[in-house]
1. For region 127-174, give me each residue that is modelled with pLDDT of 85 or more and among the polar types (S, T, N, Q).
2. Only one of these is open to solvent by 80 Å² or more (accessible area, probe 1.4 Å) and outside any helix (DSSP H, G or I): 42, 75, 107. Name it.
3. For the condition modelled with pLDDT under 90, within 19 Å of the chain's Cα centre (by Cα) and of a type in the set (Val, Ile, Thr), what is the one hit in 22, 28, 8, 85?
Amino acid sequence: MRNWLVPVSRVLRAISTGALWVAGFGLVAMTVIVAYQVYMRFVVNASPSWTEGGAIMIMSWFIFLGAAVGVRENFHMGFDVLLYVLPRGAKPWLRAISDVAIFAFAFGMVFYGGELAIRYWSTRIPVLGLPQTFTYLPIVVSGFLMCLFSLERLLLRFAGEPVDEPPAELVTEA
């Protein structure tokens, strides 16, 4: 299993890095749009109607993509209290349960977000002219990525790879 899992993991790492770059670009783009909106409103006194809707749309993309990257990099929220008090052998089991819960939640994001995206394809966002689907698409894409990343962690753990240990560059010596 390790023969095909490690190359797939490299591809998923590249996808995660790409998603992080897109999220970072979105953060910069949203900042520029909001700055443009402030300038147009308070200096020119003619604020474009698309700036607020566009900034919110971009914000939802980079938030959800960042959340997916957080799952891949194990930076997502969690209750780690039990990890500190239980024996070392229980930690992989708890982390696996966490990954299963993340997968289930992300699958719900894909399923229900997909339903919303399909339902509102014909409805337009007035100030942007885009289908309302673009509001829900980040939920679907992020949920799909979260499913991939949590499944990857489960399979790597099952194959005996050290997915639960922090990277060497993050470990500090006392």
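1. 132, 133, 135, 142, 150
2. Answer to the check: 75.
3. Just a single option satisfies the conditions, and that option is 8.
The values are calculated or read from the model by the stated rules, or taken from the named source; none is laboratory data. Keep in mind that what you see is a predicted model, and the values were worked out from it rather than measured. SASA here: full protein model, heavy atoms, side chains in, ligands and nucleic acids out. Shrake-Rupley method; radii C 1.70, N 1.55, O 1.52, S 1.80 Å.
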